[in-house]
Amino acid sequence: QAGTGVTHLTAFNPTGLGREVWQDLLQDGRLDSPTGKSSPTEKGEVTAAAVCASCKVPAHGHKTLELALAWDMPCVHFGSKEKLHLRRYTRFFGSEGDAAPALSHYALTHYKEWERKIEAWQNPILENSQLPSWYKSALFNELYFMTDGGTIWMEVPPDCCAEDLQGPAGAGLSHLLPVLREYGRFAYLEGQEYRMYNTYDVHFYASFALVMLWPKLQISLQYDIAVTVVNEDVQPRQYLMCGQTAQVKMKNVVPHDIGDPADEPWQRVNAYLMHDTADWKDLNLKFVLQVYRDYFLTHDSLYLQDMWPVCQAVMESELKFDTDNDGLIENGGFADQTYDAWVVHGASAYCGGLWLAAVCTMCKMAEVLGDTEIRQKYLDILKKGKEAFERMLWNGKYYNYDSSGSDTSRSIMSDQCAGQWFLGACGLDQGEFEVFPKTHVLSALKTIFEKNVLSFAGGTMGAVNGMRPDGVPDTSSVQSNEVWIGVVYALAATMIQEGLVEEGFRTAEGCYRTVWERLGMAFQTPEAYREKKVYRSLAYMRPLSIWSMQLALERRAGQAPAPTQLPQNPTHP
């Protein structure tokens, strides 16, 4: 800028004392600005550069110096090195690796506009005096994981055709190629310690951040999952928890994840080795629930039409878990859902509730699409299933953990209303679509608040996953006496949806204070902690579910359920 002098030092040794920089500056406050390029580094050698900006500041005046730092790393190979991928920004800045000056210039000429747009997006929440300060901090700061979660946003190659993306089985998704061409492929890790992309049972919770802020990335991610549903990988693999061997990916079931960055994501899915997730009870249901939730918030009818056959396929696959034909699926006597170390037998509050919610959304989607035969089929299942769920699990105060009659079957699970949480987010929680009686939902939530929240750590650490009716945490598994921050935010959203606003904020505040203040884990929110000394999996995906609290608040305030969409990626001039 006028009045600003810029000088530089092209290369110096950062492992030394920096004498070549400081001696140069001492002479005249400027660097020597040598001409030409620096020498390429030898293998293992490190280098550094310096830039100096100077200006004259008048007495009692001020000046601003602006500096931008940009990395240009356009090309990505995953561990297998089979394919070359280009990052999303290359469509605007090229893929030659020489775009750092252009990126820096673009930032310097646009950052004020970016700041204005960020403030316009955040200010309605920040200036809302009805919202507590800790919530405002948590809501925006938990978004760190969207970029810091090993995140990749890739272009689809320009010469790519629909057949390349559909897989050997041919997914039949008519809008797959246009969506991925326009919005790219997006993936983020389950956590910085759990090396799997788009871990789907966890993304179910985190997806609220995507669909509310970057809805097209959520839809792109769903298309990628849909492709994997109809394809299979028959390679055998031994699973660690059971010791059994099964194929890597079954047809017509939702995968656990879309792969390991050390291998070749999207091409080889299901990097998870603990269980054969073809037998998990929650993954298929979570796909169906997200499809309708996404449609409800985006009104994207082409997306709904494309996903409808996939939803039918995964629900048909899921029906085999209803072994007694009572309209309610049964768990298989192992940890066959996102709580992958917490065993479940028979009908369960968590998976049974998700099942009924998914059946309800199937009825609604069939209605929207005019598919009367499928609608009637799932209405019949829903009628039977609701009766079975209430008969087998409702105990007068809350829904039992499962129907096994074991010592822990009456445990109070903090996540027992997960199905109601999603139905509420989709506007399917009342009238003809009321799946769970409102009086039962309220009683269950109040019991959770009394037992799992207030009777745990003095009510200061959120909700413990499992609590015995006598007010002692359930220690039957390593996960039942943990607090899962993302589950607590979802629970708080459910409370807000049901009118327990104060209880919802109190519940979520315990997690925020614990993580961001007492434990000092700001910007690395873990998956879990216990009351004392133990935490697990730093920097985790699930806490992005806090955006479901914001959706619940907006719905209560009567705002239209439309995504709070951020500005789209600007076109490079």
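List, please: which pairs have Cβ atoms under 9 Å, are six or more places apart or on different chains, and start with a residue in segment 22-35 that is on the phi < 0 side of the Ramachandran plot and end with one that is acidic (Asp, Glu) and open to solvent by less than 40 Å² (accessible area, probe 1.4 Å)?
Short answer, once both residue conditions are applied: 30/24; 31/24; 32/24.
The rows are residues; the columns are (1) open to solvent by less than 10 Å² (accessible area, probe 1.4 Å); (2) within 26 Å of the chain's Cα centre (by Cα); (3) under 23 Å from residue 479 (Cβ atoms).
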{"site": "347", "(1), (2), (3)": "yes, no, yes"}
{"site": "350", "(1), (2), (3)": "yes, yes, yes"}
{"site": "361", "(1), (2), (3)": "yes, yes, no"}
{"site": "365", "(1), (2), (3)": "yes, yes, no"}
{"site": "383", "(1), (2), (3)": "no, no, no"}
{"site": "404", "(1), (2), (3)": "no, no, yes"}
{"site": "412", "(1), (2), (3)": "yes, yes, yes"}
{"site": "441", "(1), (2), (3)": "yes, yes, no"}
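Only one residue in 502, 498, 527, 531 is free of Cβ contacts under 8 Å to residues at least 12 places away in the same chain and either of a type in the set (D, E, K, R) or open to solvent by 10 Å² or more (accessible area, probe 1.4 Å) (or both). Which one?
Unique residue meeting the criteria: 502.
Do we find that residue 116 is within 30 Å of residue 185 (Cα to Cα), free of Cβ contacts under 8 Å to residues at least 24 places away in the same chain and basic (Lys, Arg) in this structure?
Against the criterion (within 30 Å of residue 185 (Cα to Cα), free of Cβ contacts under 8 Å to residues at least 24 places away in the same chain and basic (Lys, Arg)), residue 116 qualifies.
Out of all the residues in segment 193-204, is one or more in contact with a Ser or Thr (Cβ under 7 Å, 6 or more places away or on another chain) and part of a helix (DSSP H, G or I)?
Within segment 193-204, one or more residues are in contact with a Ser or Thr (Cβ under 7 Å, 6 or more places away or on another chain) and part of a helix (DSSP H, G or I).
Looking at segment 177-204, which of the residues that are charged (D, E, K, R), in contact with a helix residue (DSSP H, G or I) (Cβ under 8 Å, 6 or more places away or on another chain) and open to solvent by 20 Å² or more (accessible area, probe 1.4 Å) is farthest from residue 229 (Cα to Cα)?
Applying the filter and picking the extreme gives 182.
Of everything in segment 4-46 that's among the β-branched types (Val, Ile, Thr) and assigned to a strand (DSSP E or B), which residue is nearest to residue 57 (Cα to Cα)?
Checking each candidate, the answer is 6.
Can you list the helices (runs of 4 or more DSSP H) found entirely within segment 128-176 that contain at least 1 residues being surrounded by fewer than 18 Cβ atoms within 10 Å (Cβ to Cβ) and in contact with a Phe, Trp or Tyr (Cβ under 8 Å, 6 or more places away or on another chain)?
Correct list: 133-141, 144-148.
Restricting attention to segment 365-397, which residues are outside any helix (DSSP H, G or I) and either at pLDDT below 95 or in contact with a helix residue (DSSP H, G or I) (Cβ under 7 Å, 6 or more places away or on another chain) (or both)?
Those that are outside any helix (DSSP H, G or I) and either at pLDDT below 95 or in contact with a helix residue (DSSP H, G or I) (Cβ under 7 Å, 6 or more places away or on another chain) (or both): 394, 397.
With the condition kept exactly as written, say whether any residue in segment 320-342 is within 26 Å of residue 482 (Cα to Cα), modelled with pLDDT of 95 or more and part of a strand (DSSP E or B).
yes
Taking the stated definitions as given, is residue 218 in contact with a Phe, Trp or Tyr (Cβ under 8 Å, 6 or more places away or on another chain), touching a residue at least 60 places away in the same chain (Cβ under 8 Å), among the polar types (S, T, N, Q) and not in a loop (DSSP other than H, G, I, E, B)?
The answer is no for residue 218.
The values are calculated or read from the model by the stated rules, or taken from the named source; none is laboratory data. Values in this document were obtained by computation on a predicted structure and should not be read as measured data. Cβ sites come from the backbone with ideal geometry, for glycine too, and all protein chains shown count toward neighbours. Side chains are part of the model used for accessible areas, which takes the heavy atoms of the whole protein and leaves out ligands, DNA and RNA. Shrake-Rupley method; radii C 1.70, N 1.55, O 1.52, S 1.80 Å.
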